[in-house]
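S.K.: Next up is a structure, given as structure tokens.
The values are calculated or read from the model by the stated rules, or taken from the named source; none is laboratory data. These figures come from a predicted structure and were not determined experimentally. Please note: Cβ atoms are built from the backbone with ideal geometry, for glycine as well, and neighbour counts cover all protein chains shown. Note: accessible area is taken over every heavy atom of the protein model, side chains too, but ligands, DNA and RNA are not part of it. Shrake-Rupley method; radii C 1.70, N 1.55, O 1.52, S 1.80 Å.
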Amino acid sequence: MTALEAWTPAAGAALLDEVAAACAAAGLAVERDHPLARQTTLGVGGPAGLYVECADADEVAVLARSLGEAPLFVLGKGSNTLVGDGGIDAVVVKLGAGLKWYSADRYVVSAGAGTAMPALAAWVAGAGLTGLEFAAGIPATVGGSVRMNAGAHGGEVAARLLSVDVVLPGTGEQRSLTPDELGFGYRRSALPPRSVVVATRWQLEPDDPEAIRGRLDELRAWRRRTQPLRERNCGSVFANPPGDSAGRLIEAAGLKGFAVGGARVSEKHANFVVAGPGTRAADVRELIGAVRARVQESAGVLLEPEVRLVGTFG
Ligand SMILES: Cc1cc2nc3c(=O)[nH]c(=O)nc-3n(C[C@H](O)[C@H](O)[C@H](O)COP(=O)(O)OP(=O)(O)OC[C@H]3O[C@@H](n4cnc5c(N)ncnc54)[C@H](O)[C@@H]3O)c2cc1C
């Protein structure tokens, strides 16, 4: 079996207690051992060691100042995240209602990082602005899309982003960064460690709202036809290797329907793993590792996971 790397922070109880006390002193509500499974699209995995929901950017700054050396994981929609069954021994922050907003100044759109990407794509379409159609079917937050440089149908975040505002750990200072400073690549970025994206600005262009809506409808219909949207999944499990498609390689290896525990390679799209009732995160991880090993044997290509594995696996 090919090993799959997970990010396994180990804050420890004492450090999380210190952060909890600092947050409480600053008036920020925290929760120990908060279950995360329902907050990811795969619906598996254990709890957050310390969970904080920040209502707005000011609260993110309070958290940043309370963190000390504690590891931090920002949870968006959890649509690209596989949380281990043992949970995440770190501070996990979720962005609340005050970070779900958007506005336009002519062709420049601003959006809070907690906004849902499909909602933003639909709103800009209604405002007669083109450039975010690619995001209509990506069930992500704006912040998670920036972190992953999400993309589809030839479009991607990096192509339209003007700048992001991040909150930095320690000082809680807010800094504006341009795409040049974000190290964008295929499904990746290089945000400063433990920084939290709180706001974004996008350069769009005018177009006929009906024409944009038509394109959105087409792209949504394409997803319904080609992706297992009725089952729990995390989108593409592997990044496409240069010049090829991970789904094609997995299908060619005869792995559609291949299962470990409750986790199964989708029959509809081979680069999707779906999680049935009772699936453990360890099943998903083992399945991903087995698929990777089998594709390497059959095609000589080592697929790189796109999904982020986080926390402790059994
Ligand atoms: C049905 C389906 C279809 C999909 N289709 C596509 C597709 O076409 N194209 C594509 O690129 N992806 C696709 N995905 C994958 C996923 O939606 C993207 O990777 C998305 O960008 C993840 O966003 P999220 O908010 O869910 O992030 P999460 O999964 O919650 O987090 C992903 C990473 O972003 C970080 N992060 C989240 N928010 C912030 C923030 N505010 N500040 C700093 N870091 C942050 C997290 O810490 C983590 O490292 C699909 C997923 C599903 C379930």
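S.K.: So which residues in the stretch 268-314 are assigned to a loop (DSSP other than H, G, I, E, B) and away from the ligand (no atom under 16 Å from the Cβ)? So that I can check it myself, show each step before the final result.
M.R.: Applying the first criterion (assigned to a loop (DSSP other than H, G, I, E, B)) to the stretch 268-314 yields 268-272, 276-280, 300-304, 306-307, 311-314.
Selection gives P277, G278, R280, G300, V301, L302, T312, F313, G314.
S.K.: Another question, then. Hey, among the residues in the stretch 67-101 that are more than 14 Å from the ligand (Cβ to nearest atom) and at positive phi, which one's least open to solvent (accessible area, probe 1.4 Å)?
M.R.: Out of the qualifying residues, it is G87.
S.K.: Within the stretch 121-227, considering only helices (runs of 4 or more DSSP H) that don't extend past its boundaries, which have at least 1 residues that are open to solvent by 30 Å² or more (accessible area, probe 1.4 Å) and within 12 Å of the ligand (Cβ to nearest atom)?
M.R.: Numbers: elements: 142-148, 157-160, 209-226.
Correct list: 142-148, 209-226.
S.K.: Only one of L287, L229, L255, L216 is touching a strand residue (DSSP E or B) at 6+ places or on another chain (Cβ under 7 Å), under 24 Å from P139 (Cα atoms) and among the hydrophobic types (A, V, I, L, M, F, W, C); which? Can you show your working first?
M.R.: Values: L229 fails: touching a strand residue (DSSP E or B) at 6+ places or on another chain (Cβ under 7 Å); L255 fails: under 24 Å from P139 (Cα atoms); L216 fails: touching a strand residue (DSSP E or B) at 6+ places or on another chain (Cβ under 7 Å).
Just one listed residue meets the conditions, L287.
S.K.: Sticking with this one: Pick from the stretch 40-55 the residues that are in a strand (DSSP E or B) and open to solvent by less than 20 Å² (accessible area, probe 1.4 Å): which of them is nearest to the ligand (Cβ to nearest atom)?
M.R.: At the first step, the residues of the stretch 40-55 found to be in a strand (DSSP E or B) are 47-54.
Next cut, open to solvent by less than 20 Å² (accessible area, probe 1.4 Å) only: 48-52, 54.
Values: A48: 12, G49: 15, L50: 15, Y51: 14, V52: 13, C54: 10 Å.
Restricting to residues being in a strand (DSSP E or B) and open to solvent by less than 20 Å² (accessible area, probe 1.4 Å), the top hit is C54.
S.K.: Residues being open to solvent by less than 20 Å² (accessible area, probe 1.4 Å) and away from the ligand (no atom under 14 Å from the Cβ): count how many of those fall in the stretch 232-267.
M.R.: Adding up the residues that qualify gives 5.
S.K.: What are the residues in the stretch 257-307 that are of a type in the set (A, V, I, L, M), touching a residue at least 40 places away in the same chain (Cβ under 8 Å) and within 21 Å of S79 (Cβ to Cβ), if any?
M.R.: Within the stretch 257-307, V273, V274, A275, A281, A282, V284, I288, V291, L303, V307 meet the criteria.
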